Amino acid sequence: MGSDTTARATTRTPVRTASDLVTAGLIEPEHAAGISRLLDEFALAITPSVAETIASADPSGGVARQFVPTLAEMVETADELTDPIGDDAHSPIKGIVHRYPDRVLLKPVHVCPVYCRFCFRRERVGPGGEALTKAELSAALDYIRADPEIWEVILSGGDPLVLSPRRLADIRDSLEAIDHVRVVRIHSRVPVVDPLRVTPALVGALRRPKPTYIVIHANHADEFTEAARSACARLADAGLPLLSQSVLLRGVNDEPASLARLLRTFVENRIKPYYLHHCDLARGTGHFRTSIADGQQLMRTLRGRISGLCQPTYVLDIPGGHGKVPVGPSYLETGGEGRFDVRDLRGTHHSYQDADARADACDGRRGSTRRT
């Protein structure tokens, strides 16, 4: 970039416009008009914390690529969708997405502290994506109360941790009072992109007798500033189990060293890697997507390189709302009659005979002896 690093590092207010991007040194002035047109459709927000992270790292690197808009977002392909994972088809009432029998998403708010340039809900979040009204939230909670199969409620959005501690506590208390809801999960970027929000009051709003799992979204190890690490520690020290979710992104984490570093950083901060998502077919995001074959090879490489603690499940959210399925590499090939060819972590092939097939063969031999 032509602008100096000092200008970027002194950003103390959120970046929300093309002009802000120029002032912060995140885009060149000649790109401002095109980016401004893009932002008429897809929201922009970069917190001061993230702006400083970009300034202190590579201004065109893995953190910047996630949050700084580019004209590549204006390129759409025929397979991209406005609702790539089928939220609308599975939303029986405002604020609820019910895709699986035992769990629902509850989306109390549709704003985020930052807007990821690859977001699968980029058509729905942003300024004007207000929180549910009191009546709408009440109706959503009534929906959950009425279905005894709902075992888990996942707070999503938007980012639920932008809500005040008081509002979060009210939602948690309401869920706590529903007997068949046994587990609450909260998906958030806040601990890494706006860590000062993770105050004692917010942590207190999250702690309840029923288990509450915090799933932290991060895609590059450089997102873990000292402030972010401290925010995660405050959650972990309060007894809140931490999981991760990441998206496989071209130019961010799509090679073994960068992804290994991210996954190890999660574990070092007491965050268990949970999901690595294949990038969804959201409009204007083709420059982020890898092939599934590339993702599988990446996961195969990591299986032999880093601890099992660091291994997430590589998943594809099937377009249309048909749910997530694991799409990682397989190490087994069927040979017939209970025989398998097994590939080890070095790529060497081994023969394995399944125990059930051996038992069937033994039963057959014993039966033959009894018949004679």
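The values are calculated or read from the model by the stated rules, or taken from the named source; none is laboratory data. Just so we're clear, the structure is a prediction, and the values are computed from it rather than from any experiment. Cβ sites come from the backbone with ideal geometry, for glycine too, and all protein chains shown count toward neighbours.
Residue count for the range 209-223 satisfying the condition of being over 16 Å from residue 233 (Cβ atoms) and in contact with a Leu (Cβ under 8 Å, 6 or more places away or on another chain): 7.
This table checks each residue for (1) in contact with a Gly (Cβ under 8 Å, 6 or more places away or on another chain); (2) free of Cβ contacts under 8 Å to residues at least 60 places away in the same chain.
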site: 136; (1), (2): yes, yes
site: 182; (1), (2): no, yes
site: 197; (1), (2): no, no
site: 212; (1), (2): no, yes
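Selection within the range 63-106: residues that are free of Cβ contacts under 8 Å to residues at least 40 places away in the same chain and part of a loop (DSSP other than H, G, I, E, B). The member of this set that is surrounded by the fewest Cβ atoms within 10 Å (Cβ to Cβ) is 78.
The set of residues in the range 207-228 being assigned to a helix (DSSP H, G or I), surrounded by 17 or more Cβ atoms within 10 Å (Cβ to Cβ) and not aliphatic (A, V, I, L, M) consists of 222, 223. Just one residue in the set 258, 188 is touching a Ser or Thr at 6+ places or on another chain (Cβ under 9 Å), in contact (Cβ under 8 Å) with a residue 12 or more places away in the chain, among the hydroxyl-bearing types (Ser, Thr, Tyr) and closer than 27 Å to residue 326 by Cβ; that residue is 188. Within the range 76-103, being of a type in the set (Val, Ile, Thr) and in contact with an Asp or Glu (Cβ under 8 Å, 6 or more places away or on another chain) holds for 82, 85, 97. Take residue 281 and decide whether it is surrounded by fewer than 22 Cβ atoms within 10 Å (Cβ to Cβ), closer than 27 Å to residue 184 by Cα, in contact (Cβ under 8 Å) with a residue 12 or more places away in the chain and not aromatic (Phe, Trp, Tyr). So residue 281 does not fit the description; no. The set of residues in the range 215-266 that are of a type in the set (S, T, N, Q) and over 22 Å from residue 305 (Cα atoms) comprises 225, 230. Being in contact with a Phe, Trp or Tyr (Cβ under 6 Å, 6 or more places away or on another chain) and modelled with pLDDT of 95 or more is the filter here, so list the residues in the range 118-161 that pass it. If the condition is that a residue be in contact with a Phe, Trp or Tyr (Cβ under 6 Å, 6 or more places away or on another chain) and modelled with pLDDT of 95 or more, then 118 is the only one that fits. On the stretch given as the range 14-46, residues that are in a loop (DSSP other than H, G, I, E, B), under 26 Å from the mean Cα position of the chain (by Cα) and more than 20 Å from residue 120 (Cα to Cα) total 3.
Residue 251 fulfils the conditions (1) closer than 20 Å to residue 121 by Cα; (2) in contact with a Lys or Arg (Cβ under 6 Å, 6 or more places away or on another chain) except for a single criterion, (1). Is it the case that the range 214-225 has a residue that's outside the structural domain of residue 14 (by TED's automatic domain parsing), without any contact (Cβ under 8 Å) to a residue 12 or more places away in the chain and of a type in the set (D, E, K, R)? Looking through the range 214-225, none of the residues is outside the structural domain of residue 14 (by TED's automatic domain parsing), without any contact (Cβ under 8 Å) to a residue 12 or more places away in the chain and of a type in the set (D, E, K, R).
This table checks each residue for (1) within 25 Å of residue 36 (Cα to Cα); (2) more than 20 Å from the chain's Cα centre (by Cα).
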site	(1), (2)
61	yes, no
107	no, no
118	yes, no
133	no, yes
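Checked against (1) under 12 Å from residue 115 (Cα atoms); (2) out of contact with any helix residue (DSSP H, G or I) (no Cβ under 6 Å at 6 or more places or on another chain), residue 75 passes all but condition (1).
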